[in-house]
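Step one of this worksheet: look at the structure below.
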């Protein structure tokens with residue numbers, strides 16, 4: 001086997017146990033009945049068994065085909081189908097049937113739409129809240145190619161958590177996220193969301209995530225964390241990249257639990273006030289009202305969309 005393509009053996013701490021109990025089957029039945037996609041399935045997430053057994057799922061809207069070709073992602077690429085205008089209602093009904101108190105909604109990039117699909121995002125938030133008024137809504141949105149008006153459409157729908165993943169350090173963007181822009185789109189989006197949140201005095205959290213193991217250095221990770229704090233990002237997720245398919249970027253190294261502990265300490269010192277964990281994994285525990293209860297770090301099981309090993313840190317907000 002060519003050394004460049006040879007996979008590094010997966011460490012023992014990344015192994016998970018499968019659980020396909022009744023709760024898992026009920027989630028699968030509900031999603032199939034409503035013809036819904038989840039990032040759990042499309043991104044081949046190894047945590048699907050645990051999350052679905054806990055009756056949690058991350059809904060993926062706007063179709064199952066992405067208009068971009070990021071090097072880390074397993075979601076299908078190509079020409080997407082027209083938006084399903086019944087999808088917002090179907091997501092809302094799934095949230096009701098699963099009796100969720102915290103719904104996480106992500107989606108593919110829709111660069112074929114002038115607004116990047118922003119109105120579809122907003123319609124889904126409104127539909128979920130109308131049918132489930134006590135449910136918190138977290139959205140993991142694309143960058144909308146830097147379209148400020150599109151971001152405002154999503155913010156007008158008032159999500160409880162606004163997440164946009166940074167994914168990697170700026171040096172690796174061309175290889176990992178060739179169509180994205182680190183400062184012009186990602187950092188600007190997070191800064192504008194925080195500015196509007198503060199101006200309108202709303203309780204929304206801003207959130208972002210980065211993957212490690214793609215060839216970055218520890219110093220670059222720390223610098224990216226500083227950039228995120230500079231745009232008032234509240235919650236950071238740090239996770240181990242796991243190659244989801246043979247044609248996706250290979251893992252260049254696995255970080256140890258001790259190294260994640262170092263990232264935890266650095267994040268807390270910078271002032272990140274929420275959990276360092278992937279947005280969709282155990283996301284129901286990341287709500288603002290839970291953040292004051294715990295101030296300890298816990299190594300999480302694994303990843304989600306980009307396949308990550310994660311460190312969950314709930315810091316005291318008081």
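When residue 232 is tested against (1) closer than 28 Å to residue 77 by Cα; (2) surrounded by fewer than 22 Cβ atoms within 10 Å (Cβ to Cβ); (3) touching a helix residue (DSSP H, G or I) at 6+ places or on another chain (Cβ under 8 Å), exactly one condition is not met: (1). Screening residue 105 with (1) in contact with a strand residue (DSSP E or B) (Cβ under 6 Å, 6 or more places away or on another chain); (2) not in a strand (DSSP E or B) gives one miss only, at (2). Can you tell me how many residues in segment 120-136 are touching a helix residue (DSSP H, G or I) at 6+ places or on another chain (Cβ under 6 Å) and assigned to a helix (DSSP H, G or I)? Selection size over segment 120-136: 7.
Condition first: under 23 Å from residue 248 (Cβ atoms) and at pLDDT below 70. Can you find one or more residues in segment 62-70 that meet it? Among the residues of segment 62-70, not one is under 23 Å from residue 248 (Cβ atoms) and at pLDDT below 70, which makes the answer no. Within segment 242-272, the set of residues being part of a loop (DSSP other than H, G, I, E, B) and touching a helix residue (DSSP H, G or I) at 6+ places or on another chain (Cβ under 9 Å) comprises 242, 249, 254, 255, 256, 271, 272.
Can residue 52 be described as buried (at least 22 other Cβ atoms within 10 Å of the Cβ), modelled with pLDDT under 85, outside any loop (DSSP other than H, G, I, E, B) and touching a helix residue (DSSP H, G or I) at 6+ places or on another chain (Cβ under 7 Å)? Yes: the conditions hold for residue 52. Take the conditions (1) over 18 Å from the mean Cα position of the chain (by Cα); (2) surrounded by 20 or more Cβ atoms within 10 Å (Cβ to Cβ); (3) part of a loop (DSSP other than H, G, I, E, B); residue 94 misses just one of them, which is (3). Somewhere in segment 219-228, is a residue outside any helix (DSSP H, G or I), surrounded by fewer than 24 Cβ atoms within 10 Å (Cβ to Cβ) and over 17 Å from the mean Cα position of the chain (by Cα)? Checking segment 219-228: not a single residue is outside any helix (DSSP H, G or I), surrounded by fewer than 24 Cβ atoms within 10 Å (Cβ to Cβ) and over 17 Å from the mean Cα position of the chain (by Cα). Summed over segment 137-188, the residues that are in contact with a helix residue (DSSP H, G or I) (Cβ under 8 Å, 6 or more places away or on another chain), over 18 Å from residue 60 (Cβ atoms) and part of a loop (DSSP other than H, G, I, E, B) give a count of 8.
The set of residues from segment 94-105 being touching a helix residue (DSSP H, G or I) at 6+ places or on another chain (Cβ under 9 Å) and at pLDDT below 90 comprises 94, 95, 96, 97, 98, 100, 101, 102, 103, 104. Residue 77 meets the conditions (1) within 27 Å of residue 166 (Cβ to Cβ); (2) touching a strand residue (DSSP E or B) at 6+ places or on another chain (Cβ under 8 Å); (3) crowded, with 20+ Cβ neighbours inside 10 Å; (4) at pLDDT 85 or above in every case but one. The failed one is (3). Confirm whether residue 228 is under 21 Å from residue 123 (Cα atoms), touching a strand residue (DSSP E or B) at 6+ places or on another chain (Cβ under 9 Å) and at pLDDT 95 or above. Here the answer is no, as residue 228 does not meet what is asked.
The values are calculated or read from the model by the stated rules, or taken from the named source; none is laboratory data. Source: prediction; values computed, not measured. Glycine also receives a Cβ, built like all others from the backbone with ideal geometry; neighbour counts cover every protein chain displayed.
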